[in-house]
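Structure provided below as structure tokens; questions to follow.
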Amino acid sequence: MELDVENNGNDNSLKVIQTAFSKTDKTILFPYIESTYLKKDDTKLHTKIKTQIITDNKPSLNICNYKTINFTGDDIETCCLDTFERLKSYTNSDGGTLYLADDNTLQRVIQNDGAITHGMKLQIITGTNVASYVADVGKYLCLNSIVDIREDQRFPLGTAPYDGRVNSVLCLPAITSFGRLIAVFEFVRLHELDYTKNDVAFAQGMINWFTDAIAKKYNRIKYNEDVSNEFHDLLLRIFRLYSSYEMDYDSLVSEIMMRTRDYIRAREIQYYIPVNKEKRELYLYEEGIIGKKAAIQKETTCTIRR
């Protein structure tokens, strides 16, 4: 018997909780809500909801702390491998394969005695293997009690290194909130034990937590890049006005300091402009905000004392 369960990830039994957690001696992997439907009588179904905080004390990367993740290939691969190994353990899988996505291709990650190599790139298309099919449709796939997985025309090449010997397959895509496919996680069981709905919910929850962390880090980096580019453009415009004699020196300094204040998100800024070098006098300018709306500029004459 073959059980084919497909879903787009919008299962009500799985909700990623965005919240802060107290310090613990264990690494918090992710939180999720597990719903169990209990049949109390012939007419009503009652729901028992259990919130679980999944923790682990293994000395590996804390995927919950997205501040440590840089949006680069090496860091993403490290996070994917860490997530893959945890899921392989927690789902009691006999084996599995991690694929990294790039454009419209998948590339298998091969681990051998601590060394990491990569297999050939595969096109993301239905009609090849399970991972390519899952990447193509963007949904997880769970198959149980398999006779020969290669008989299914959606993936005649089956699962990566296991040919037709698998009893169960659980394959999930890692897709960020902005629609980027990062990786595909493929797990197999060779013994006669099916993957359950709880296995699927656990895997989905962990992958959702992982992709959410990457998306947040990416958005933060992108925002900082946009602000930095805007700041540089403003400086260029200011210097162009000054070089074409459309702005005097005092205005140049004031504009630069005000833009710098906004760039570093300061409340107010102070700077000095020399007035009389012989008398060792200078102006102290204070520009900032009082209250919520009233912008001020204050000028004070100061004397430098030895």
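The values are calculated or read from the model by the stated rules, or taken from the named source; none is laboratory data. Model, not experiment: these values are computed from the prediction. Here the Cβ is made from the backbone with ideal geometry for all residues, glycine too, and neighbour counts use every protein chain on show.
With the requirement that a residue be crowded, with 22+ Cβ neighbours inside 10 Å and out of contact with any Gly (no Cβ under 7 Å at 6 or more places or on another chain), what does the stretch 167-181 give you?
Passing the criteria: Ser168, Val169, Leu170, Cys171, Leu172, Ala174, Leu181.
While we're here: Please work out if Asp194 is surrounded by fewer than 22 Cβ atoms within 10 Å (Cβ to Cβ), among the acidic types (Asp, Glu) and more than 25 Å from Asp148 (Cα to Cα).
Answer is no for this residue.
Another one. I'm checking my understanding of the structure. Among residues of the stretch 104-124 that are among the charged types (D, E, K, R) and either under 13 Å from Leu81 (Cβ atoms) or modelled with pLDDT of 80 or more (or both), which one is farthest from the chain's Cα centre (by Cα)?
Per the stated criteria, the residue is Lys121.
Within the stretch 137-156, can you find the residues that are farther than 19 Å from Val200 by Cβ and either touching a helix residue (DSSP H, G or I) at 6+ places or on another chain (Cβ under 7 Å) or buried (at least 19 other Cβ atoms within 10 Å of the Cβ) (or both)?
Pro156, the sole residue that qualifies.
Looking at Asn104, Asn112, Asn92, Asn129, which is the one that is surrounded by fewer than 15 Cβ atoms within 10 Å (Cβ to Cβ), over 21 Å from Gly179 (Cβ atoms) and touching a residue at least 12 places away in the same chain (Cβ under 8 Å)?
Asn92 is the lone residue from the list that is surrounded by fewer than 15 Cβ atoms within 10 Å (Cβ to Cβ), over 21 Å from Gly179 (Cβ atoms) and touching a residue at least 12 places away in the same chain (Cβ under 8 Å).
Moving on to the next point. Any idea which of Asp136, Asp102, Asp82, Asp94 is under 15 Å from Phe185 (Cα atoms), of a type outside the set (Ser, Thr, Tyr) and in contact with a His (Cβ under 9 Å, 6 or more places away or on another chain)?
Only one candidate passes the filter, namely Asp94.
Go through the residues of the stretch 198-205 one by one and say whether even a single one is more than 22 Å from Phe155 (Cα to Cα), aromatic (Phe, Trp, Tyr) and without any contact (Cβ under 8 Å) to a residue 24 or more places away in the chain.
The answer is no, given that none of the residues of the stretch 198-205 is more than 22 Å from Phe155 (Cα to Cα), aromatic (Phe, Trp, Tyr) and without any contact (Cβ under 8 Å) to a residue 24 or more places away in the chain.
Which is crowded, with 21+ Cβ neighbours inside 10 Å and of a type in the set (Val, Ile, Thr), of Ile221, Ile214?
Testing whether each residue is crowded, with 21+ Cβ neighbours inside 10 Å and of a type in the set (Val, Ile, Thr) leaves just Ile214.
Let me ask something else about it. Check whether at least one residue in the stretch 222-239 is modelled with pLDDT under 85, of a type in the set (A, V, I, L, M, F, W, C), in contact with a helix residue (DSSP H, G or I) (Cβ under 8 Å, 6 or more places away or on another chain) and in a loop (DSSP other than H, G, I, E, B), and report yes or no.
Checked the stretch 222-239: no residue is modelled with pLDDT under 85, of a type in the set (A, V, I, L, M, F, W, C), in contact with a helix residue (DSSP H, G or I) (Cβ under 8 Å, 6 or more places away or on another chain) and in a loop (DSSP other than H, G, I, E, B).
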